Amino acid sequence: MTTTLAIGGYSDTDFAALTSEFDPVFLGGPDELAGLEAEARSAITAVAYKGHAPFGGDQMDMLPNLGIIANYGVGYDAIDTTAASARGIKVTNTPNVLNDDVADLAVGMMLCQGREMMQASAWARSGDWAKNGEYRLNRKVSGSTVGILGLGRIGREIADRLAAFKMDIHYYARSEKDTPGWTYHGDPVSLAQAVDFLVVALVGGADTEKFVSKEVIAAMGPNGVLINISRGTTVDEAALLDALESGRIAGAGLDVFLNEPNIDPRFYALDTVVIQPHQGSGTVQTRAAMGQLQRDNIAAFHAGADLLTPVN
Ligand code: NAP
């Protein structure tokens with residue numbers, strides 16, 4: 001009987017690799033756990049987890065011999081790590097291998113938003129370029145002032161890229177970091193006041209819920225642009241929509257939303273917002289590396305070796 005359970009929607013490549021290494025039982029989501037026989041659930045010692053549906057104590061209790069939850073992704077806010085630790089279950093994630101792609105997407109959204117690349121493309125495709133002439137002038141991005149909210153692994157990759165765009169870099173973190181002349185802010189309102197672009201690269205979860213509050217959004221001002229590649233939960237989305245609709249901030253580039261993929265339809269009416277479908281790490285190369293790291297953690301667990309990237 002298999003000892004591994006793979007939960008979530010895996011690509012064909014990951015499905016094949018998981019099958020060849022562990023021959024797991026596959027479930028679409030944690031809500032399907034109850035459909036497994038008790039004997040099959042008892043045999044499970046490892047879960048390969050992918051997705052954003054909550055995986056908490058109730059789900060863990062259905063797998064009485066579970067020893068590891070190997071998350072596919074660096075953000076593990078869907079998994080209740082306190083409940084896992086209390087049950088002696090280790091949780092792993094996939095840090096670093098996705099930093100470049102997520103940072104690339106953040107920079108890409110800044111360029112798309114400022115240079116209106118979506119609208120300009122639509123202008124050219126519609127024939128307006130030939131019929132009505134040049135596309136309207138838009139906003140210079142290089143040389144702006146940028147604030148990174150959360151200078152962790154991904155935040156730092158974003159800042160390094162933007163330094164090459166000749167930007168003045170400001171950041172917030174819970175403590176000051178060793179940086180090459182970047183300006184530290186001890187509170188997010190002060191950061192938002194100081195910058196043109198505010199890029200959110202925080203962890204998700206209860207501790208950072210609505211960290212980008214109504215006050216932070218107000219502090220950005222009418223030239224402010226919010227870029228979010230973290231989680232929808234880190235932003236007060238209702239306050240953000242109000243500010244965008246009333247022009248109290250200039251725009252946004254968002255890869256993450258509340259209630260994904262059924263996002264608030266008010267976003268669709270805002271052409272100042274670049275919308276991405278939570279695809280920060282979504283390249284063939286990076287997803288392969290994430291899948292490999294997830295499987296390597298499970299293999300280490302089954303072999304009784306040290307886990308590669310534990311979080312608890
Ligand atoms: P990381 O290295 O752990 O950095 C996280 C940042 O969050 C750090 O700057 C940390 O601040 C800050 N932070 C953590 N807890 C906080 C709290 N309670 N209050 C205020 N700040 C707090 O993580 P990472 O690898 O850069 O990943 C960041 C997040 O990006 C992930 O958790 C995930 O949600 C998201 N992500 C999104 C995509 C996507 O597809 N869009 C892909 C990958 C990751 P300190 O420096 O003060 O500790």
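The values are calculated or read from the model by the stated rules, or taken from the named source; none is laboratory data. Only a predicted model underlies this, so the values are computations on that prediction, with no experimental measurement involved. Don't worry about glycine lacking a Cβ; one is built from the backbone with ideal geometry, like all the others, and counts go over all protein chains shown. Just the protein is used for accessible areas: all its heavy atoms, side chains included, with ligands, DNA and RNA removed. Shrake-Rupley method; radii C 1.70, N 1.55, O 1.52, S 1.80 Å.
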Requested in this report: Mind listing whichever residues of the stretch 63-81 are free of Cβ contacts under 8 Å to residues at least 60 places away in the same chain and open to solvent by 50 Å² or more (accessible area, probe 1.4 Å)?
Outcome: Pro64, Asn65, Asp80
Query raised in the report: Which ones in the stretch 215-244 are farther than 25 Å from Ala78 by Cα and either within 12 Å of the ligand (Cβ to nearest atom) or in a helix (DSSP H, G or I) (or both)?
Result: Glu215, Val216, Ile217, Ala218, Ala219, Met220, Asp242, Ala243, Leu244
Query - Every pair of residues 6+ apart whose Cβ atoms lie under 9 Å, when the first sits in the stretch 7-24 and is under 15 Å from Val47 (Cβ atoms) and modelled with pLDDT under 95 while the second is among the hydrophobic types (A, V, I, L, M, F, W, C) and assigned to a helix (DSSP H, G or I) - result: none
Requested in this report: Any residue in the stretch 142-164 that's farther than 18 Å from Val97 by Cα and in contact (Cβ under 8 Å) with a residue 24 or more places away in the chain: show its pairings with residues that are more than 8 Å from the ligand (Cβ to nearest atom) and basic (Lys, Arg) at Cβ separation under 6 Å, as long as the two are six or more apart or on different chains.
Outcome: Ser142/Lys166; Gly143/Lys166
Query raised in the report: Just for strands (runs of 3 or more DSSP E) wholly inside the stretch 116-211: which have at least 1 residues that are in the same structural domain as Ile249 (by TED's automatic domain parsing) and more than 23 Å from Ser281 (Cβ to Cβ)?
Result: 145-149, 168-172, 183-185
Query - Residues that are surrounded by fewer than 17 Cβ atoms within 10 Å (Cβ to Cβ) and of a type in the set (Gly, Ala, Ser), drawn from the stretch 162-189 - result: Ala163, Ala164, Ser175, Gly181, Gly186
Report task. Output the residues belonging to the stretch 82-100 that are part of a helix (DSSP H, G or I) and open to solvent by 30 Å² or more (accessible area, probe 1.4 Å). Result -> Thr82, Ser85, Ala86, Asp100
Query raised in the report: Quick one: would you say Ala173 is small (Gly, Ala, Ser), at pLDDT 95 or above, under 28 Å from Asp271 (Cβ atoms) and in contact with a helix residue (DSSP H, G or I) (Cβ under 9 Å, 6 or more places away or on another chain)?
Result: no
Query raised in the report: Of the residues Leu162, Leu198, which single one is over 28 Å from Ser246 (Cα atoms) and away from the ligand (no atom under 12 Å from the Cβ)?
Result: Leu162
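Residues checked against (1) in a helix (DSSP H, G or I); (2) of a type in the set (S, T, N, Q); (3) within 27 Å of Leu240 (Cβ to Cβ); (4) at pLDDT below 95:
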{"position": "Asn262", "(1), (2), (3), (4)": "no, yes, yes, no"}
{"position": "His278", "(1), (2), (3), (4)": "no, no, yes, no"}
{"position": "Ser281", "(1), (2), (3), (4)": "no, yes, yes, no"}
{"position": "Gln285", "(1), (2), (3), (4)": "yes, yes, no, no"}
{"position": "Ala288", "(1), (2), (3), (4)": "yes, no, no, no"}
{"position": "Gln292", "(1), (2), (3), (4)": "yes, yes, no, no"}
{"position": "Arg295", "(1), (2), (3), (4)": "yes, no, no, no"}
{"position": "Phe301", "(1), (2), (3), (4)": "yes, no, no, no"}
Query raised in the report: Restricting to the stretch 245-257, what's the tally of residues that are surrounded by 15 or more Cβ atoms within 10 Å (Cβ to Cβ), away from the ligand (no atom under 11 Å from the Cβ) and in a loop (DSSP other than H, G, I, E, B)?
Result: 3
Report summary line: Going through (1) within 23 Å of Gly232 (Cβ to Cβ); (2) aromatic (Phe, Trp, Tyr); (3) surrounded by fewer than 19 Cβ atoms within 10 Å (Cβ to Cβ) one by one, Phe26 fails only at (1)
**Report entry** Long-range neighbours under 9 Å by Cβ, at least six apart or interchain, first residue in contact (Cβ under 8 Å) with a residue 60 or more places away in the chain within the stretch 276-289, second of a type in the set (Phe, Trp, Tyr)
**Finding:** Arg287/Tyr72
Requested in this report: Could you check, for the stretch 94-110, whether at least one of its residues is more than 16 Å from the ligand (Cβ to nearest atom) and either closer than 30 Å to Val199 by Cβ or not assigned by TED's automatic domain parsing to the domain that holds Lys140 (or both)?
Outcome: no
